[in-house]
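Have a look at the structure below before the remarks.
The values are calculated or read from the model by the stated rules, or taken from the named source; none is laboratory data. Note that the structure is a prediction, hence the values are computed from the model and not measured. All Cβ positions, even for glycine, are placed from backbone atoms using ideal geometry, and neighbour counts span all protein chains on display.
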Amino acid sequence: MLREGPQFTLVSPSFKDGDVIPRRHTCDGDDVSPRLEWEGQPPNARSFALIMYDPDAPMGTFIHWVIYNIPASVRSIPEGVQKEAESLPGLGSQGVNDFGYLGYGGPCPPKGSRSP
């Protein structure tokens, strides 16, 4: 059964859906996390989790970022979240990405496969 009311949407003011992720948010640039914003959350939500993954990575699905225990009152994550910090006061906790460290790790395609 579908729930009535607004649908949950997640967007980034840093780039449009379907666009190439800007260099600033990749390993070829500053490798900073993009700002994320959402709306339409269920009224009974107690917390959120974010898993940013790439299903088309050359080696298979790749996890770039994990944040969990995001308070239900939070509606955005700022750009440039601190890396290597498990606890993010007011935002929740970060998990280990597939690069093997805590925090955001932007797209980093192998040499020769990067877009111009």
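Listing for the model above:
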| quantity | calculated |
| --- | --- |
| Cβ pairs under 9 Å, 6+ apart, first in region 81-97 and closer than 13 Å to S33 by Cα, second basic (K, R) and modelled with pLDDT under 95 | Q94/K83 |
| Those residues of region 49-90 which are of a type in the set (A, V, I, L, M) and over 13 Å from the mean Cα position of the chain (by Cα), in sequence order | A57, M59, A72, V74, A85, L88 |
| Filter pass, I70 being among the β-branched types (V, I, T) and surrounded by fewer than 15 Cβ atoms within 10 Å (Cβ to Cβ) | no |
| Enumerated strands (runs of 3 or more DSSP E) restricted to region 6-68, each holding at least 1 residues that are within 16 Å of Y101 (Cβ to Cβ) | 47-54 |
| Residue that is touching a residue at least 60 places away in the same chain (Cβ under 8 Å) and farther than 22 Å from E84 by Cβ, where the choices are V20, V32 | V20 |
